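Here's the structure we're looking at; comments come further down.
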Amino acid sequence: MNIDMICGVDEAGRGPWAGPVTAAAVILDPNRPISGLTDSKKISEKKRFALEPEIKEKVAHWCVAHAEPNEIDTLNIREATFLAMQRAIAGLGMNPGRILIDGNALPKDLPAPAEAIVKGDLKEPAISAASILAKTERDRLMLGYDAAYPQFGFAGHKGYGTAAHAEALQRLGPCPIHRTSFAPVRRAMVSETLTN
């Protein structure tokens, strides 16, 4: 274990009604700085996708992992987020010296001392890099799901609860990537049952 190896961890996709929750773990290389790192929500989609290959090329280690909708429904979104984070950290292939996680809570059974940092994606470059990788990977997945389920418009809203998504959900009922434990999806399932 290298005490200098600080691992930043962040997630994307806690709030959407559909698709996985995605986490990334990143260990920066201090000899290869990356300019423009910040919370992924503070920069445009174009800028995120421009930074993604630079991050992957310049960091010492990175991994992106997911918890799928059925795991979210089984565990709850908080525990599924922790599971995705644990998978991302395990996927680094080495134990970091310290783990810095965006938010106010930590998963259990981490392989190194860890700290939860509120707004960590604005304060810690390693968390910022993880935030960008998690967001770009999840957005790319949702574009793929848009091709599979074009009637839901996933390319536009990425599974989040927009008016267009709510309308499609009420009209069509949920598809296989919807989170059935989330109230708007559950209501659409009840509505679909009542109308059939």
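Assorted remarks:
- Over 21 Å (Cα to Cα) - which of Lys42/Lys108; Lys58/Lys108; Lys46/Lys135; Lys41/Lys119 fall in this group: Lys42/Lys108; Lys58/Lys108
- Remark on region 71-196: Rg and Dmax equal 17.5, 56 Å (Cα only).
- Candidates Glu68, Glu124, Glu54: whichever shows maximal mean-square fluctuation once the chain is modelled as a Gaussian network with Cα springs under 10 Å: Glu54
- Summarising the amide proton neighbourhood of Met5: residues at separation of 5 or more, or on other chains, whose placed amide H is nearer than 5 Å comprise Gly97, Arg98.
- Prolate/oblate/rounded call for region 110-184, Cα gyration tensor, a/c under 1.5 rounded: prolate
- A Cβ-based charge dipole, computed about the Cα centre of region 2-147 with Lys and Arg at +1 and Asp and Glu at -1, lands at about 320 debye.
- Note that region 4-14 has calculated 3J(HN,Hα) couplings of 7, 7, 8, 9, x, 9, 8, 10, 9, x, 6 Hz, one per residue in order, obtained from phi through the Karplus relation 6.51 cos²θ - 1.76 cosθ + 1.60 (θ = phi - 60°); glycine and proline are x.
- Cα centroid separation - region 101-119 against region 12-29, whole Å: 15 Å
- When Rg and the Kirkwood Rh are both derived from Cα coordinates, the Rg/Rh ratio for region 13-145 amounts to 0.94.
- Between helix 45-58 and the chain: long-axis angle, C-alpha atoms, 0 to 90°, nearest 10: 40 degrees
- Top of Ile177, Ile127, Ile27 by mean-square fluctuation, Gaussian network on the chain, Cα under 10 Å: Ile177
- Remark: the Ala148-Asn31 segment gains 37.9 nm on full extension, using 0.36 nm per residue and subtracting the alpha carbon distance.
- Most fluctuating residue given options Asn95, Asn76, Asn104, as computed from a GNM of the chain linking Cα atoms under 10 Å: Asn104
- Separation of the Lys58 and Asn76 label points, Cα + 7 Å toward Cβ, nm: 4.0 nm
- Estimated from helical segments only, the mean residue ellipticity of the chain at 222 nm is -14000 deg cm²/dmol, where each DSSP H run of four or more residues counts as -39500 (n - 2.57).
Throughout, read-outs are computed from the coordinates displayed, never taken from laboratory work. Model, not experiment: these values are computed from the prediction. Using ideal geometry, Cβ is built from the backbone for each residue, glycine included, and neighbour counts are taken over all protein chains shown.
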